[in-house]
Each structure stands twice: as structure tokens, then as C-alpha cells.
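Shown next, in C-alpha cells, is the structure this report addresses.
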Amino acid sequence: MAPTDSAQSTLRAVATMFAAILPDANETCFLQACLESGETGRRAWSVCEDRFGDLVPAFREDARLPRRLAPLLAAALVRNGLEAPPLLVTLLRTATLQEELRTREYLRIIVDVSSRLREAHLDFLVLNGPALATLYDQPWLRHNHDFELLFLRHADVERAARILEQLGAHRILPAQPAPAGSVVFLHPEGLPIGLRARLFRSPHYDLPTVDLWRRRSVVAVDRIRLDVLSPEDALLHVLAHATYSTGRVSLQWVADAWHLIRRHRELDWERFQRTTLEAGLALVVAGMLRYLAHEVGAPVPNDVLVRAGHAMRDTSRLECDALFAGVRATNPGALGALLGACTSSTERLRLIWWLLAPSPTYLRRVHRENPTAWPLLYVYRPLAFAARTLRSPRTAGNGAGRKSLAERAT
């Protein structure tokens with residue numbers, strides 16, 4: 001059955017939102033050069049050189065490429081028997097050495113903090129950082145800049161907080177909105193440490209922490225073993241986090257997801273898909289997996305990709321609202337860029353409608369602490385949008401956003 005006009009405009013609007021999240025053509029080319037091996041990796045490097053020319057300015061001056069991935073590129077050049085200009089080789093070696101030195105200090109802090117919390121008989125899962133670094137050939141090939149712990153109970157968060165304070169850490173404001181009841185500390189040596197009892201930062205996605213604990217995995221870090229998310233849950237967390245985190249511009253999420261899928265060939269895709277539906281992440285996962293498989297060669301089974309295509313077509317209004325919120329939360333100018341990237345007036349009207357009149361379930365989740373206020377938002381949001389439009393009439397027609405995002409949406 002052919003999609004209706006309404007369904008077609010929804011699909012186009014969703015594609016535009018994913019274009020704002022997923023890496024563009026230049027970034028994808030760079031990722032291919034960093035991740036692929038053999039002849040595929042050598043071709044990717046050749047294309048990357050043709051596209052960028054001298055990569056040193058791309059790393060240094062205009063920051064088109066995230067420097068934190070420089071060690072991955074250095075390893076790929078060696079792995080694939082490739083040569084690079086001397087100045088670029090020096091830059092890559094320097095970045096790798098710096099990452100190796102800071103990773104040693106990072107892991108030392110991780111071991112110390114984890115040991116102290118274990119001595120207090122606290123149960124926790126280690127997220128990101130050391131949990132994902134074990135997927136790489138060397139831990140310093142992954143840039144690690146913080147340490148996040150997921151506790152079974154909210155009460156354990158405060159118990160852990162008191163232990164960190166005894167170590168000399170102090171509370172700081174999180175760089176991004178955090179789940180209710182979570183706290184962030186700064187270790188005396190400068191490492192941010194997040195404590196939480198809820199996996200996702202977004203209020204729209206959720207999984208019972210007790211279930212995450214029940215199917216946990218274990219990794220060895222230095223001299224201790226750490227409880228971490230199962231490979232399926234870790235992949236889901238990486239993909240979800242990339243939709244609502246400013247950190248996605250580092251492209252680290254692509255390397256993490258790629259390594260998760262490559263390293264865990266036994267990954268239980270049936271369970272992954274069941275958990276995806278339970279968490280409300282079917283749309284997010286559909287768009288991300290299709291990118292990983294088609295653009296950077298992640299070995300996602302074909303039947304999983306087929307189901308992902310169905311999820312894109314059968315997406316719910318709440319999932320669209322949640323994805324839209326994630327795009328806008330990480331980029332103040334996202335609305336103008338999204339509207340400018342639209343290829344038709346119906347697509348543009350679809351996005352404006354989602355902005356002005358999100359689903360009641362979406363508003364209840366966002367304003368769960370003040371449930372009596374959300375009905376009033378159906379009046380407030382159109383008025384606020386009209387006021388912003390009058391103050392800045394060029395917002396909806398941002399030309400720069402139209403060019404870059406339109407190219408990425410096709």
C-alpha cells in the first residue's frame with residue numbers, strides 16, 4: 001500500500017531531523033578512513049585525502065574534524081599500510097601519545113573510585129568510558145573524558161555522593177540536563193563523575209534499571225572487574241544518547257556503536273529489538289542503524305534493517321516529538337536550520353505543527369512535576385513562536401541551514 005501524502009510528509013520531516021543528527025558526507029568519509037580495514041580502508045583514505053587535501057588544518061585550524069579521533073586514524077594508517085604527510089604523522093602521533101598518557105591517569109582514578117564504592121557494598125553499572133574503551137584495540141584509542149555510574153536505587157546515589165565527598169570531590173552543575181535525582185561531581189584531579197539511577201537523560205526513553213542489572217556484562221579494567229551494560233543495552237544507550245547530546249558532534253558515538261557491533265558478533269538482535277520497543281526508541285534506532293550499516297559498514301543483519309525500515313514508516317507521534325526535542329535541545333539554531341532544509345511547504349508545516357502542538361503524552365513527560373501546567377502550553381507555545389517569528393523574521397528561512405541540511409537530507 002502506497003503511503004498517504006500525510007505519511008510522506010512525516011517521513012520527509014523525519015529524514016530532515018536525522019540529517020541534523022547524523023554525520024555529513026565529509027564526516028562520514030573521515031569515519032570510514034578511521035574504522036575500515038584492508039582495501040576498503042585504503043580506498044576510504046584515498047577519498048578522504050581527495051576530499052580534504054591537507055588534513056592538518058582540518059584538525060587544527062577550522063576544526064572540521066574532531067581531534068579526539070586522531071588516534072583512531074593513526075591506528076588505521078598503520079593497520080592498512082598507508083603513508084601520510086610527515087606533518088600529519090607528527091600530529092597524529094602527538095595526539096595518540098597525549099591520549100595514552102591521560103588514559104593511564106583516567107583508569108587509575110576509575111579503579112580507585114570503583115574500589116571505594118564496592119567497599120561500601122554499592123551495586124552499580126559503569127556507563128560509557130571504561131566500559132566502551134575495552135572494545136578498542138587499545139583503551140587510549142577511545143577518548144574518555146568523564147565517568148558515569150548507574151545505581152540500582154536512588155538512595156544509593158546519595159550514599160555514593162557522600163563517599164565521593166570524602167575523597168575530596170565536589171558537586172558541580174551538569175553540562176547538560178540530567179535525570180531527576182542524579183548528581184555530577186568533579187574529582188580532585190579534574191574528572192567529572194556522574195551518579196544516577198536512570199539510564200537515559202531524556203524523559204521520553206526508559207528501561208527498568210533492575211532489568212539492566214539482571215542482564216549485565218563484566219569487563220576487566222586494570223586490576224578490577226567492572227559491571228557494565230550488556231552489549232545490547234550498551235548499543236541502545238549509545239544510539240539514544242547521540243540524539244539528545246551535544247557530544248554527538250565528536251562522532252565518538254559512531255565509533256562506539258561500530259565497535260560494539262563488530263566486537264559482539266553474537267549480539268542478540270531479537271532481544272535488542274524487544275528492548276528497543278520497550279524503551280520507546282524504535283524510530284531512533286531505525287535511523288541510526290541504517291546509517292551505521294549503509295555508510296560505515298557495520299555488520300547489521302539484513303532482517304534487522306528491514307524491520308528498521310518498517311519502524312521508520314510506522315513511527316508514532318510521540319517518537320517524532322521526542323526526536324524533534326532532542327535535535328532542538330542540542331542546537332539553539334536547529335529550528336531555523338530544520339525549516340530551511342525542508343523540501344516542501346507540507347514538510348515545513350509538519351515540523352511547525354510538531355513544535356506548536358506536541359502530543360499530550362510528550363507534554364506530560366516533560367512537565368511531570370507540574371501536570372496541571374501542560375494544557376496551558378497549547379496556548380503558550382503558539383504565542384511564543386509567533387513572538388519569536390516577529391522578532392526574527394529570517395529564522396524560518398535560514399539560508400545556511402537550508403544548504404547544508406538539504407544536502408544531508410537527500
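Roughly what would the spin-label model give for Glu189 and Leu376, points 7 Å off Cα along C-beta, in nm?
Placing both labels 7 Å beyond Cα along the Cβ direction yields 4.9 nm.
For every helix of n ≥ 4 consecutive DSSP H residues, a contribution of -39,500 (n - 2.57) applies; sum these over the chain, divide by its total residues, and give [θ] at 222 nm rounded to the nearest 500 deg cm²/dmol.
Working: 20 runs with 247 residues, N = 410.
Value at 222 nm, helices only, nearest 500: -19000 deg cm²/dmol.
For the range 154-255, what is the Kirkwood hydrodynamic radius in Å, using each pair of distinct C-alpha atoms? It would help to have the intermediate numbers written out before the result.
Details: mean 1/r = 0.0658 Å⁻¹.
Result for the range 154-255 stands at 15.2 Å.
Using each residue's phi in the range 124-139, evaluate 6.51 cos²θ - 1.76 cosθ + 1.60 at θ = phi - 60° and report the 3J(HN,Hα) Karplus result to the nearest Hz, with x for Gly and Pro.
Per residue, the Karplus-derived 3J(HN,Hα) values read 7, 10, 8, 9, 6, x, x, 5, 8, 5, 5, 6, 8, 4, 9, x Hz.
Give me the dipole magnitude in Debye, nearest 20, for the range 5-313 about the Cα centre, with unit charges on the beta carbon: positive for Lys and Arg, negative for Asp and Glu. It would help to have the intermediate numbers written out before the result.
On the way: 37 positive and 37 negative charges, 81 e Å.
Result for the range 5-313 is approximately 400 debye, rounded to the nearest 20.
Please compute one quarter of the surface area of the Cα convex hull for the chain and express it in square nanometres. The partial results should precede the final answer.
Numbers: hull surface 85.8 nm².
Average projection, Cα convex hull of the chain: 21.5 nm².
Could you compute the longest span of the chain free of GluC sites (Glu not before Pro) located in DSSP loops and having at most 11 other Cβ atoms within 10 Å, not counting the site residues? Walk me through the numbers on the way to the answer.
Values: sites that count: Glu61, Glu83, Glu266, Glu369.
Here the longest run is 84-265.
Can you compute the FRET efficiency between Val306 and Val56 using 1/(1 + (r/R0)^6), with r the Cβ-Cβ distance and R0 = 45 Å? Round to the nearest 0.05.
Efficiency for this residue pair is about 0.60.
If you wrap the range 23-178's Cα atoms in a convex hull and average its projection over all directions, what's the area in nm²?
On the way: hull surface 44.5 nm².
The orientation-averaged projected area of the Cα hull of the range 23-178 comes to 11.1 nm².
Compare Gly247, Gly129, Gly53 in a GNM of the chain, Cα atoms joined below 10 Å, and give the one with the largest fluctuation.
Judging by the Gaussian network model, the answer is Gly53.
What is the distance, in nm, between label points placed 7 Å from the Cα along the Cα-to-Cβ direction at Val47 and at Arg93?
Going by the 7 Å Cα→Cβ label model, 3.0 nm.
Given 20 °C and 1.002 mPa s, how large is the Stokes-Einstein diffusion coefficient of the range 97-233 in µm²/s, with Rh as the Kirkwood radius over Cα pairs?
On the way: Rh = 15.2 Å.
My calculation gives 141 µm²/s for D.
Would you kindly state how much longer the chain becomes between Leu349 and Leu383 on full extension, computed as 0.36 nm times their sequence separation minus their alpha carbon distance, in nm to one decimal?
Details: separation 34, 0.36 × 34 = 12.24 nm, distance 1.64 nm.
My answer for the length gained is 10.6 nm.
Taking every DSSP beta bridge that has both residues in the range 5-313, what percent is antiparallel when rounded to the nearest 5?
About 75 percent, rounded to the nearest 5.
Per 10 Å bin from zero, what fraction in whole % of the C-alpha pairs of the range 263-364 is there, up to the bin with the longest pair?
Bins of 10 Å from zero give 13, 39, 33, 15, 1 percent of pairs.
How far is the Cα center of the range 346-375 from the Cα center of the range 80-142, in Å?
Their Cα centres are 40 Å away from one another.
Looking only at Cα atoms, what is the convex hull volume of the range 1-107 per residue, in Å³?
Working: hull volume 18.0 nm³, N = 107.
With only Cα atoms used, the range 1-107 gives 168 Å³ per residue.
Quick one: which residues, 5 or more positions from Val221 or on another chain, have an amide H under 5 Å from its amide H? H modelled 1.01 Å from N in the peptide plane, none for Pro or chain starts.
Under 5 Å from the amide H of Val221: Leu226.
Laboratory data are not the source of any read-out in this text; all were calculated from the coordinates shown. Quick caveat, the model's predicted, so the values are computed rather than measured. Please note: Cβ atoms are built from the backbone with ideal geometry, for glycine as well, and neighbour counts cover all protein chains shown.
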